[in-house]
1. Can you find a residue that is open to solvent by 20 Å² or more (accessible area, probe 1.4 Å), free of Cβ contacts under 8 Å to residues at least 40 places away in the same chain and farther than 28 Å from residue 240 by Cβ anywhere in the stretch 125-145?
2. Kindly indicate whether residue 248 is in the same structural domain as residue 158 (by the TED database) and modelled with pLDDT of 95 or more.
3. Looking only at the stretch 488-506, which residues are more than 23 Å from the chain's Cα centre (by Cα) and at pLDDT 85 or above?
4. If a residue has to be in a loop (DSSP other than H, G, I, E, B) and aliphatic (A, V, I, L, M) to count, how many in the stretch 24-48 make the cut?
5. Suppose the filter is in contact with a Pro (Cβ under 9 Å, 6 or more places away or on another chain), at pLDDT below 75 and surrounded by 15 or more Cβ atoms within 10 Å (Cβ to Cβ); does residue 65 pass it?
6. Go over the candidates 462, 470, 478 one by one and state the one that is among the hydrophobic types (A, V, I, L, M, F, W, C), touching a helix residue (DSSP H, G or I) at 6+ places or on another chain (Cβ under 7 Å), outside any helix (DSSP H, G or I) and within 17 Å of residue 34 (Cα to Cα).
7. Could you check residue 450 against (1) farther than 30 Å from residue 222 by Cβ; (2) modelled with pLDDT of 90 or more; (3) buried (at least 19 other Cβ atoms within 10 Å of the Cβ); (4) not hydroxyl-bearing (Ser, Thr, Tyr) and say which number it fails?
Amino acid sequence: MRSLFAWRAAGPARLALALAVAGPLLLNHAPLPQTGFAKDLLGLLAWGLVLACGPASGPAGAWPAGWRSLVAVPLLLVGMAWTSLFATGGLPGLALADSVALLAAVAVLLGLRAARAQDEAATATVFYGAWAGAALLNAAVALLELTAPQALGLAGPPAGARAVGWVRQSNVLALLMVQGVIALAALRSMGRLPPRGLLPAGLLLMAGLAASGSRTGLLASGLLLLWGLFDGRLPRRLRLDLVLLPLALCLFWALRLAVAEPGQAAGVRADLGSPRWTLWQDAWALVRAQPLWGVGWNNFNFAWTLSPGLPAGGHAFTHAHNLPLHLAVELGLPLAAVVLLLLVHAAWRGLRAGALPPGPAQPGPSAAAPTAAGLLILSTALHSLSEFPLWQGHLLWLHAACWALAGPSAGPSHGAGRATGRFGGLRGVGLLLMLSAVWGGVAQQPTIQLFDPAAGPLERRLAAARAGSLSPEWGERLAATLAPAGQRSLQPFEAGAARRQLDGRLLLAWALAEAEQGRADRARLLAARLRRLGGPAAAALARRCDAPPRQVAAAEASGQGDPLRPALCGPPPASADWRELLPPGPGRSGPEPPPDGWARAGDKARSRP
C-alpha cells in the first residue's frame, strides 16, 4: 500500500495545503467576541501560502467546469457594495471583510486547480488526507466532551449534551463528520487507505456525529447511503461500508438517547422543535416587503428584529438559516436569483463533467476522487438550507478548493501538455492574502483586548476599540450597554453599535437612550420589539412598565418615580419602518428627522389602531 502522504516528495506547497485544510478545523483558540475570527485568519494565511508556493503556470484547459459562472462573484460584490455602503448605510468593515473573503475564494479555486493540473494524485491525497485527519481528531474530541470532559479541561458536558468539537459548533461538527467519511472513501479508492481501514474510522466519525445531536447531520448521512448504493465504480467493500455507516449512526443515535440523563435527552429532542420554520416565514415576509432591492447586505438581523410583528420566541438570529432565502432578503429577488442560478449552473456543470459520471472511470488517480469533491460541495449545499456554514471564511475557501478538485482532470497527472502562464499572478495574490491576514490580526487586537480584563483599564480598552479596531462596532456596543443612567447617548448607535447583532440587551440600552433623548415614540417602538423578543432584557423592561399603578403612584409621590417610564411604556407608533432607525452612513445624509406623528417625551401617546 502506498503511503498516505508521500513525505519524501512533499514540498512547501503540499505542507501549506495540509495546513490550510486541517489547521482551521483543529484550531481551538476562540477569542471573544468573534470566536471564528482566529480560524479565518489562519485559513487566509495558509491559503495565501498555498498560492504563493503554487505553480506559476498550468496546462491549457485548467479552468474548472462551469468557470463562467464565476461572474456571480462580481455580481455579489456589486450588490454588497450598493446595499451595504449606499442604500442602507452599512458598515464598511463588514463589506470589506466579505469582499476579501469572496475574492480569496476565487483565488483558492484557481490556484488549487493549477496545483491539481501539475500533480493531481499528490494534491488530492494531501487534500483528502488533511480533511479526514481533522475530522477524526474532532470526532475523538466530541466523544471526550460527553464521556470525559475533564480530560479536555472542561467542567462538565456541553450545554444540551451536544458536542461541538474544535469547530465549536454542533451542526458544523456533524457536517464535518459526514465529510470526513467522504474524504476517507476518496483515499480508500485511491489506494491511500487499507481496504479494512474505512469502516473503523467511519464508525468513529458516526459516533462523533451522534455526539453532536445534529439532526441536520443525521439527514446528511443519507448521502453516504446513496453513494454506496448507486456508484457502481466503487469497490464492493467500499460500497458496503458506505451503506453500513448511516445504519450504524442510527444505532449510535438511539444509544445516545437511551443513556443520556433526562435533562440531556430532553435537550436533544427539543432541538427537533427549533424555531427555524417561524424564522423562514419571517424572512419571507421581509422578502415580500422589499422584493426588488432587499434589506441590504448584513442587514438581516437589524431588519428582522425591528420589523413590526417580528420577532418572537426569545431567539436573536443573525442569519436566515437558509442560503437562498438569506440572499433574497438582503439582495432582493432579482439579484439573488441570478447569483443562485449561476452557482447552480456551476455545480451542475462540475457534476456532469466528472463528479457523478456514469460509465467507466476516467483517467487519473481515481474516479471516486472527483466524485468525493462533488459530494463535499453537495453536502454543504444541503447543510446551507438550514444553517450558514459558508459565512465562515475558512469553510468558504475550503469548498472553493473542492470545486477545483471536482470534475475531470485538469491535465495529465504530472503537468505534461501545453503550458500557460495564466496562473502566475496567483503567487502575488497569495502574498497579498498573507499580508491581509497579518494586518487583520493586528487591527483586531483592540477588539480582542476589549474583552480581556488583563489587558488594562476598561476605559482605555474601550477607547482603543472604538477608535482603532477592525470592528469598532463592538466597542460602540459595549459603550452603549455600559452607559450609566442619565448619561446615555445615541452616538454609539449612530456609529453602528446595533448593526452587527441586535439582541435583547442592546435593544434595551437603545430604548433607554432614545427615552433619555426625549424621543418617546422611537423608545416605545424599540420597547415593543424587545417585549416580543423576550429574554432577561425583556423581563427587566416588564418590571419597569408593568408595575402596579398604586406602586407607581406612591413612587412618584415620594419623588422616586421612574422618569423614563412614560417614554418607554406607552403604546408604540401605529406604523413605523425599520429603515427609519438606520444610523447615518455613506449614501445617507445623516440622522433623519422623526416622521410626522412621532411623539416626544411628554407628548400624549397614541393608541394602536
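The values are calculated or read from the model by the stated rules, or taken from the named source; none is laboratory data. Predicted model only: the values in this text are computed from it and were never measured. Quick reminder, even Gly has a Cβ in these numbers, built from the backbone with ideal geometry, and neighbours come from all protein chains shown. Side chains are part of the model used for accessible areas, which takes the heavy atoms of the whole protein and leaves out ligands, DNA and RNA. Shrake-Rupley method; radii C 1.70, N 1.55, O 1.52, S 1.80 Å.
1. Step one: of the stretch 125-145, the residues open to solvent by 20 Å² or more (accessible area, probe 1.4 Å) are 133, 136-137, 140, 143-144.
Keeping just the survivors that are free of Cβ contacts under 8 Å to residues at least 40 places away in the same chain gives 144.
From what is left, the residues that are farther than 28 Å from residue 240 by Cβ are 144.
Yes - at least one qualifying residue is present in the stretch 125-145.
2. Working: in the same structural domain as residue 158 (by the TED database): yes; modelled with pLDDT of 95 or more: yes.
Yes, satisfied.
3. Quick first cut of the stretch 488-506, residues more than 23 Å from the chain's Cα centre (by Cα) only: 488-495.
Listed by number, the residues that qualify are 488, 489, 490, 491, 492, 493.
4. Filtering the stretch 24-48 down to residues in a loop (DSSP other than H, G, I, E, B) leaves 27-36.
Subsequent filtering for residues that are aliphatic (A, V, I, L, M) retains 27, 30, 32.
Count: 3.
5. Values: in contact with a Pro (Cβ under 9 Å, 6 or more places away or on another chain): yes; at pLDDT below 75: yes; surrounded by 15 or more Cβ atoms within 10 Å (Cβ to Cβ): yes.
Answer is yes for this residue.
6. None of the others qualify; the one that does is 470.
7. (2)
Listed here are the residues, each with its yes/no results for (1) within 18 Å of the chain's Cα centre (by Cα); (2) surrounded by fewer than 24 Cβ atoms within 10 Å (Cβ to Cβ); (3) under 22 Å from residue 44 (Cα atoms); (4) at pLDDT below 65.
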{"site": "372", "(1), (2), (3), (4)": "no, no, no, no"}
{"site": "377", "(1), (2), (3), (4)": "yes, yes, yes, no"}
{"site": "382", "(1), (2), (3), (4)": "yes, yes, no, no"}
{"site": "387", "(1), (2), (3), (4)": "yes, yes, no, no"}
{"site": "398", "(1), (2), (3), (4)": "yes, no, yes, no"}
{"site": "420", "(1), (2), (3), (4)": "no, yes, no, yes"}
{"site": "429", "(1), (2), (3), (4)": "no, yes, yes, no"}
